[in-house]
Structures are given as C-alpha cells and as structure tokens.
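K.L.:
Below is a structure I'd like to ask you about.
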Amino acid sequence: MFNREECTEVKERILNEARELFIKNGYKGTSVRDIAKASGTNVAMVNYYFQSKYNLFEIVFEETLDVFTKRIFETISSDLPFLELIESWIHTYYELLFEYPQIATFILNEVSLNPEGLTNRIKKRNPYNAFTKIEERMEEAIQKGIIRETPAADFLLNVLSMCMFPFMFGKMAMTLMEIPQSLYNELISNHEKYVIEFTLNALKPIDYTTTSHNK
C-alpha cells in the first residue's frame, strides 16, 4: 500500500497529466485510460482517487476558471485609458482561451447539460464586480464624449460572444473549412484584431455633422 506522501504524489501526477490531456485533446478526446497511461498508473487507480473522468475535469475546470476570472478582473480594474482598457480586455480573453482552450468547451457542455451548476460556479466568483467596473468606466467615458451612449450589458454580451464563439465551435469550423489546427489558430489570431477594431469602431461617438451632411 502507498503511504500518505506517495498517495499525494500519485494524485498530483494523475491530475497534472489529466490537465495536459484535457488542454490538448478536450474532454471528449481524453479517456481515463489515456490519463492512466500518461501518469504511469492504471484505470482503477484513477477511479479510486478521482471517481470519474468528469470529476477530474471539474477540478481542472475550477482551477482554470479561477485563473480566468482573476486575470480578467485584473485587466478590467487597471487604470488604462478606456479604449486601451477595452483592447487589453479583449486581448486577455484571447490569450486565456489559447492557453486554456478546454474552458470554452466545458462552458458549452455545461450550458447544455448543467446550466444551473455553471451559473453557481460563476456566481461564486462574483462577476458583478467586473460588470460594475466596466459599467462605471463606460459611464465615465460617455460623459467625457470618448464613446457613444451604449448599454453596458449589451456591450458586455457582444464582447463575450465574439471572443468565445470561435473557441467553442473551433472543431466544427475546422471540419467545415477542412483546415488543420495550426491554420485555424492563425485565423483566430487575426480574428482578435478584427474583434478589437470592430468593438472600438462600434463605440465611437456619432458624428451628427457628418450624418446630416450625408443626408
């Protein structure tokens, strides 16, 4: 039998290998047998320590979600000028989703299978703080004439949708376009620039003089 120290080492090894495999192959593309082989254990040991593949993935997801929310909130809370802040915010999303691609897939799965559980996970991390920060900065920018009048909730949903969608449906997009992962990653990198430009242009104040002249 393993002593406590050896048990801890085995659990950590299984978790570390599972994390790497989930990042590389996603939840569906990773089996308990794959995790056991990579960690130098066996299926029975993986199930003994973690009960199921789903439980393992939950642990990895919780860790990832902590990193994700922490870095997003740090970006939103920075003292950057507003438009630079938005650009940095979008870049952080892309940077994190490239680093932790499994998070988009897990969110998509949870939306379908366990929406209440996903909601509770997110609520635990108090997303209202981030929303309030964005709302405050937007109101300040509107008052200064830096951006047009824009509902904060709509703006937030637009940014989240544009950033998350390419990662959530990456596999399907690659299949439809018949391109490899490397080429799709390049496409997504370029898409980040488009999302930033599109978002900043959408925030620009309306030039009523130009609009009247065009009429």
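Read the figures in this text as sums done on the coordinates, not as results from a lab. All values derive from a computational prediction rather than experimental measurement. Here the Cβ positions follow ideal geometry from the backbone for every residue, glycine too, while neighbour counts run over all protein chains shown.
K.L.:
Using the basic label-point model (7 angstrom from Cα toward the beta carbon), what is the Ile179 to Glu63 distance in nanometres?
P.N.:
In this crude label model, Ile179 to Glu63 measures out at 3.2 nm.
K.L.:
Given the DSSP H assignment, sum -39500 (n - 2.57) over each helix run of at least 4 residues in the chain and divide by its residue total; what's the result at 222 nm in deg cm²/dmol, nearest 500?
P.N.:
-26500 deg cm²/dmol
K.L.:
Straight-line reach from Lys28: which lysines have Cα under 24 Å away, leaving out those fewer than 8 places along the same chain?
P.N.:
Lys11, Lys37, Lys53, Lys171
K.L.:
Compare the Cα positions of Pro151, Leu85, Thr64 along the charge dipole of region 54-205 (+1 at Cβ of Lys, Arg; -1 at Cβ of Asp, Glu; about the Cα centre) and return the one farthest towards the positive end.
P.N.:
Toward the positive end, the furthest listed residue is Pro151.
K.L.:
Separate question: Springs between alpha-carbon atoms under 10 Å, Gaussian network over the chain: tell me which of Lys204, Lys171, Lys28 tops the mean-square fluctuations.
P.N.:
Lys28
K.L.:
Let's see if you can work this out: charge +1 on each Lys and Arg Cβ, -1 on each Asp and Glu Cβ, no other charges. What is the dipole magnitude of the chain about its Cα centre, in debye to the nearest 20?
P.N.:
480 debye
K.L.:
Just going by the charge dipole of region 1-51, with Lys and Arg at +1 and Asp and Glu at -1 on Cβ, which of Ile14, Met45, Gly26 is farthest out on the positive end?
P.N.:
Of Ile14, Met45, Gly26, it is Gly26.
K.L.:
Sorted from largest to smallest, which semi-axis lengths in Å does the alpha carbon gyration tensor of region 116-205 give for its equivalent ellipsoid, taking the root of 5 times each eigenvalue?
P.N.:
29, 21, 9
K.L.:
Among [x] 15.8; [y] 11.1; [z] 13.1, which is the computed mean projected area of the Cα convex hull in nm²?
P.N.:
Label [x] holds the value from this structure.
K.L.:
Which entries in the list Lys70/Lys123; Lys70/Lys193; Lys70/Lys133; Lys70/Lys124; Lys144/Lys193; Lys70/Lys204 go over 19 Å, if you measure between the two C-alpha atoms of each?
P.N.:
Lys70/Lys193; Lys144/Lys193; Lys70/Lys204
K.L.:
Okay, moving on. Using Cβ contacts closer than 10 Å as the measure, can you line up Arg13, Arg19 from fewest to most?
P.N.:
Arranged by neighbour count, lowest to highest, Arg13, Arg19 become Arg13, Arg19.
K.L.:
Give me the net charge of Thr92's neighbourhood, meaning all other residues with Cβ under 13 Å from the Cβ of Thr92; Lys, Arg count +1, Asp, Glu -1.
P.N.:
-4
K.L.:
Kindly express, to the nearest 10 degrees and within the range 0 to 90, the angle between helix 4-25's C-alpha long axis and the longest C-alpha principal axis of the chain.
P.N.:
Around 50 degrees separate the two axes.
K.L.:
While we're on this one: Please work out the C-alpha center-to-center distance from region 117-194 to region 1-65 and express it in whole Å.
P.N.:
30 Å
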